[in-house]
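Reading through the structure tokens given below for one structure.
The values are calculated or read from the model by the stated rules, or taken from the named source; none is laboratory data. All values derive from a computational prediction rather than experimental measurement. Note: ideal-geometry Cβ built from the backbone for every residue, glycine included; neighbour counts use all protein chains shown.
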Amino acid sequence: MLRAILFDFDGVIVDTEPLHWAAMNEVLALHDIPQVAKEYYYENMLGLDDRGLFRDSFARAAKPLPPDLLETLIAEKSERFLTMAGRDNITLPGAAEFISSVAPRHLLAICSGALRREIETILQAAGLLSHFPVIVAADDVQRGKPDPQGYLLAMQQLQDSHRLSPPLQPADCLVIEDSLPGIEAAKDAGMTCLAVSTSVQGELLLQADAVVASLREVDSALLDELLNK
């Protein structure tokens with residue numbers, strides 16, 4: 001039985017990946033670290049949180065990355081990202097409509113590698129924040145995707161906030177993702193996963209239980225099919 005839908009954020013609800021890539025490169029340039037090509041970003045960094053992005057970039061440049069510098073980089077990137085995100089409507093086609101349609105029937109949560117203030121600021125602007133009683137952001141976990149920690153925490157927070165009976169289980173949860181690390185995290189958490197091919201080609205996402213091009217394609221029949229697999 002489908003009781004909860006857990007959404008990734010970037011690439012599922014909003015088209016922010018190009019902004020994350022650009023903001024990261026602006027910050028790397030400030031610290032004399034080589035720029036990350038867009039192809040490398042989408043092939044190797046998609047689904048990583050900011051810690052993962054900067055650790056990968058500094059490692060490839062063979063440069064040390066002390067913890068205090070890492071926190072500075074994350075803060076600098078967030079400022080640039082929010083400035084970029086505030087310029088346009090970046091909600092993906094069909095996302096707002098899908099969220100509004102499932103919210104009355106299912107518990108909703110977000111599990112994302114983005115920072116909480118980024119998620120809340122963008123959702124508030126899109127009029128979607130009230131649909132998500134639980135948001136698990138990069139700030140809330142020690143290990144980002146592909147580790148399942150974030151999705152398990154989101155499920156537990158839904159359980160705690162609603163005092164559900166019987167308790168919410170992984171089998172009751174559908175995850176919607178757009179990246180391989182996200183799909184791996186969902187599957188390792190024991191949850192069903194629907195992939196949206198907004199960031200990478202659908203044939204690269206076949207580890208998910210189903211793949212769609214857009215949330216416009218998702219209806220109650222597909223949701224029932226997924227949970228009955």
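Of all the residues in the range 122-157, those that are touching a Gly at 6+ places or on another chain (Cβ under 6 Å) and of a type in the set (A, V, I, L, M) number 3.
The set of residues from the range 201-210 being touching a residue at least 12 places away in the same chain (Cβ under 8 Å) and not in a loop (DSSP other than H, G, I, E, B) comprises LEU204, LEU205, ALA210.
Here is a yes/no grid of residues against (1) surrounded by fewer than 19 Cβ atoms within 10 Å (Cβ to Cβ); (2) assigned to a loop (DSSP other than H, G, I, E, B):
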site: ILE110; (1), (2): no, no
site: ARG117; (1), (2): yes, no
site: ILE122; (1), (2): no, no
site: ALA125; (1), (2): yes, no
site: SER130; (1), (2): yes, no
site: LYS145; (1), (2): no, yes
site: ASP160; (1), (2): yes, no
site: SER165; (1), (2): yes, yes
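Residues satisfying the criterion are present in the range 211-227 (criterion: at pLDDT 95 or above, assigned to a helix (DSSP H, G or I) and crowded, with 17+ Cβ neighbours inside 10 Å). Kindly indicate which of GLY190, GLY182, GLY202 is of a type outside the set (D, E, K, R) and under 14 Å from the mean Cα position of the chain (by Cα). Checking each option against the conditions leaves just GLY182. The single condition among (1) farther than 16 Å from PRO146 by Cα; (2) surrounded by 19 or more Cβ atoms within 10 Å (Cβ to Cβ); (3) of a type in the set (A, V, I, L, M) that LEU48 does not meet is (1). Taking the conditions (1) in contact (Cβ under 8 Å) with a residue 40 or more places away in the chain; (2) in a helix (DSSP H, G or I) in turn, THR198 satisfies each one other than (2). Across the range 157-204, the qualifying residues are those that are hydroxyl-bearing (Ser, Thr, Tyr), out of contact with any strand residue (DSSP E or B) (no Cβ under 7 Å at 6 or more places or on another chain) and closer than 14 Å to PHE9 by Cα, and the one among them that is modelled with the lowest pLDDT is SER199.
A quick yes/no check of all residues on (1) hydroxyl-bearing (Ser, Thr, Tyr); (2) touching a Gly at 6+ places or on another chain (Cβ under 8 Å); (3) not in a helix (DSSP H, G or I):
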{"residue": "MET1", "(1), (2), (3)": "no, no, yes"}
{"residue": "ILE5", "(1), (2), (3)": "no, no, yes"}
{"residue": "GLU26", "(1), (2), (3)": "no, no, no"}
{"residue": "LEU48", "(1), (2), (3)": "no, yes, yes"}
{"residue": "GLY52", "(1), (2), (3)": "no, yes, no"}
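Residues of the range 64-96 that are among the basic types (Lys, Arg) and either within 14 Å of LEU115 (Cβ to Cβ) or touching a residue at least 40 places away in the same chain (Cβ under 8 Å) (or both): LYS77, ARG80. Looking only at residues in the range 1-41 that are farther than 25 Å from ALA125 by Cβ and not aliphatic (A, V, I, L, M), the one that is surrounded by the most Cβ atoms within 10 Å (Cβ to Cβ) is ARG3.
Among residues of the range 169-184 being touching a Lys or Arg at 6+ places or on another chain (Cβ under 6 Å) and under 20 Å from HIS106 (Cβ atoms), the one that is surrounded by the fewest Cβ atoms within 10 Å (Cβ to Cβ) is ASP172. ARG117 meets the conditions (1) out of contact with any His (no Cβ under 9 Å at 6 or more places or on another chain); (2) farther than 28 Å from LEU53 by Cα in every case but one. The failed one is (2).
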